[in-house]
Amino acid sequence: MQLTNEELKNKINEYKKKLSVTLVAHFYQRDEVFDMADITGDSLELAIRTRDDDAEFVVFCGVGFMGQSVKVLSPNKRVLMPKVACCAMATMIDGTQFDASVKALNESGITNENILPITYINSNADVKAKVGEMGGLVCTSSNAKKIITTALKEGKKILFVPDRCLGQNIANQMGLRSCVIGDGSNPADSDIICFNGFCSVHQLFSVDDINFYRKKFPGILIATHPECDPAICDASDFVGSTSQLIKYITELPAEQKVAVGTEFNMVNRLRPNNTYILSSTKPECPTMNETTLQDVYDILKSIDEGEPLNEIHVDDNTQKWAKIALERMLAL
Ligand code: 13P
Ligand code: SF4
């Protein structure tokens with residue numbers, strides 16, 4: 001018999017009391033799943049707080065690279081995902097495409113010694129490992145500027161994967177030259193050379209949406225995530241990671257209107273009034289939305305029955321180098 005959401009919540013709470021488990025959720029999770037979590041946050045906060053947590057099992061409600069990052073940082077933890085849902089952007093690059101990107105830079109005269117690769121955390125462990133092995137590191141949307149600023153001190157060209165928007169947005173903020181591999185420009189003329197990956201959810205926002213809201217509500221503020229196109233971020237009043245957006249928006253005066261360019265579940269729980277989604281198309285991350293209360297319950301039940309489902313495993317070599325790339329970020 002199908003359990004109601006209330007029944008599922010009660011059973012999940014019972015399992016949480018009984019088992020050595022921490023339930024983790026990203027801000028884009030459905031409300032009913034998000035409400036059950038012990039730890040919530042943006043990608044950086046989730047990586048740090050789950051690493052520092054001492055439960056035997058981590059049940060991660062998010063997308064694959066997030067659960068995988070926990071496993072890479074803490075190989076002794078058992079990490080399970082109620083749905084092994086993939087971030088579409090992370091699937092745009094694998095190790096082979098990373099190697100091809102390095103080759104494209106080599107062909108324009110940039111030697112490996114002069115390349116410092118940085119991967120957005122929204123990438124799979126094999127790409128993080130390649131980056132770690134080449135002396136590079138990971139960044140998230142909340143620390144990308146800091147990581148790039150530090151990396152540039154090495155005097156090298158930055159190969160930024162997979163998100164062209166985040167890479168170019170940071171380059172614009174810092175007054176640096178950037179390009180996208182394959183856009184016809186010479187990588188040697190740029191400081192940050194980006195792989196051509198993107199988030200389909202954040203591509204839904206347009207400058208027309210911004211113009212629409214500014215005309216409809218003069219004085220409205222526009223707040224966007226740096227996975228949006230540079231044209232959107234350049235026209236925004238504030239650009240930040242999910243946690244940074246939450247802080248900015250919740251600290252606005254109650255009467256200040258704001259239109260937000262990021263995933264709808266998060267925007268809808270920010271403020272009761274004067275908060276709008278910056279798109280006429282619902283910005284829904286389909287894979288983040290896959291996880292249901294029933295999935296969370298099923299995973300906890302599988303732990304209790306001694307046969308955990310959907311456990312994340314990373315092979316030793318990938319784990320070693322991906323961990324180095326993640327730890328270089330955390331050290332900063
Ligand atoms: P944050 O690091 O800002 O939480 O972003 C993760 C993400 O996938 C946004 O689409
Ligand atoms: Fe990936 Fe975009 Fe979903 Fe974030 S919103 S998890 S970048 S597909």
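For the chain, the Cα gyration tensor yields ellipsoid semi-axes of 33, 28, 15 Å (square root of five times each eigenvalue, largest first, whole Å). In the structure displayed, which of K257/K282; K18/K282; K156/K320; K103/K320 lie more than 30 Å apart, Cα to Cα? Among K257/K282; K18/K282; K156/K320; K103/K320, the Cα-Cα distance tops 30 Å for K18/K282. Got a number for carbon plus sulfur as a percent of the chain's accessible area, 1.4 Å probe? Carbon and sulfur together cover 48 percent of it. Calculated FRET efficiency, N196 and E307, Cβ-Cβ r, R0 41 Å, to nearest 0.05? Given R0 = 41 Å and the Cβ-Cβ separation, E is 0.50.
3J(HN,Hα) couplings calculated from phi for the range 21-29 with the Karplus curve 6.51 cos²θ - 1.76 cosθ + 1.60 (θ = phi - 60°) are, in sequence order, 9, 10, 9, 10, 9, 7, 4, 7, 5 Hz; Gly and Pro show x.
Over 14 Å, how big is the tail of the calculated P(r) for the range 141-222, in percent of all Cα pairs?
Numbers: 2242 of 3321 pairs.
Cα-Cα pairs of the range 141-222 separated by over 14 Å account for 68 percent.
Compute, for the range 1-82, the length of the dipole vector about the Cα centre, with Cβ point charges of +1 (Lys, Arg) and -1 (Asp, Glu) only. Units Debye, rounded to 20. Before the final figure, lay out the partial values.
Details: 11 positive and 13 negative charges, 68 e Å.
Computed about the Cα centre, the dipole is about 320 debye.
Around the Cα centre of the chain, unit charges on the Cβ atoms of Lys, Arg, Asp and Glu (plus for the first two, minus for the last two) sum to a dipole of about 660 debye. Annotation: Cα Rg of the range 85-230 relative to the compact-globule expectation 2.2 N^0.38 Å equals 1.09. Close amide-amide hydrogen proximity is noted between D42 and S243, each under 5 Å apart and 5 or more residues distant or on a separate chain (H modeled in the peptide plane; Pro and chain starts excluded).
Using per-residue counts of other Cβ atoms within 10 Å, averaged over each peptide, order 305-312, 58-65 from highest down.
Working: 305-312: 13.9, 58-65: 26.9.
Ranked from most to least packed, the peptides come out as 58-65, 305-312.
Sort 158-164, 95-101 by packing, meaning the average of other beta carbons within 10 Å per residue, with the highest value first. It would help to have the intermediate numbers written out before the result.
On the way: 158-164: 27.6, 95-101: 16.4.
Final packing ranking: 158-164, 95-101.
Under 30 Å of direct C-alpha separation, and excluding same-chain neighbours fewer than eight residues apart, K11 reaches these lysines: K71, K77, K83, K301. Here the gap between N13 and E327, fully extended at 0.36 nm per residue and compared with their Cα-Cα distance, gives a gain of 109.7 nm.
Local charge for Q294 was computed over the other residues whose Cβ lies under 12 Å away, with Lys and Arg +1 and Asp and Glu -1, and equals 0. Across the range 66-76, coupling constants 3J(HN,Hα) worked out from phi with the 6.51/-1.76/1.60 Karplus curve, θ = phi - 60°, read 6, x, 5, 5, 4, 5, 5, 6, 9, x, 7 Hz, and Gly and Pro carry x.
From helices alone, the chain scores -12000 deg cm²/dmol at 222 nm; the rule is -39500 (n - 2.57) for each run of n ≥ 4 DSSP H residues, then divide by the residue total.
Between the listed residues V267, G184, A331, the Cα displaced farthest toward the positive end of the dipole of the range 174-332, a dipole computed from Cβ unit charges relative to the Cα centre, is found at V267.
Placing a pseudo-label 7 Å from each Cα along the Cα-to-Cβ vector at K146 and R30 gives an inter-label distance of 3.5 nm.
The residue among A231, G95, L252 whose Cα reaches farthest toward the positive pole of the charge dipole of the chain, with charges on the beta-carbon of Lys, Arg, Asp and Glu, is L252. Scanning residues 5 or more positions from A259 or on other chains, those with amide H under 5 Å from its amide H are L221, I222, A223, Y276, with H placed 1.01 Å from N in the peptide plane. Taking the average, over residues, of other Cβ atoms within 10 Å as the packing measure, peptides 168-178, 266-276, 235-245 rank 235-245, 168-178, 266-276 from highest down.
Which value, in Å², gives the accessible area per residue of the chain when a 1.4 Å probe is used on the protein heavy atoms? Can you show the working numbers first?
On the way: 13970 Å² over 332 residues.
Counting only protein heavy atoms, the per-residue value for the chain is 42 Å².
Along the range 134-145 the Karplus relation, 6.51 cos²θ - 1.76 cosθ + 1.60 evaluated at θ = phi - 60°, assigns HN-Hα couplings of 8, x, x, 8, 9, 9, 10, 5, 7, 10, 4, 5 Hz to successive residues, with x for each Gly and Pro.
Only one residue of V21, N5, I48 has its Cα farthest out toward the positive end of the dipole of the range 5-55, where Lys and Arg carry +1 and Asp and Glu -1 on Cβ, and that residue is V21.
The values are calculated or read from the model by the stated rules, or taken from the named source; none is laboratory data. In this text, all values refer to a predicted model and were calculated from it rather than measured experimentally. Note that we place each Cβ from the backbone using ideal geometry, even for glycine, and neighbour counts take in every protein chain shown. Areas reflect the complete protein model, heavy atoms only, side chains present, ligands, DNA and RNA absent. Shrake-Rupley method; radii C 1.70, N 1.55, O 1.52, S 1.80 Å.
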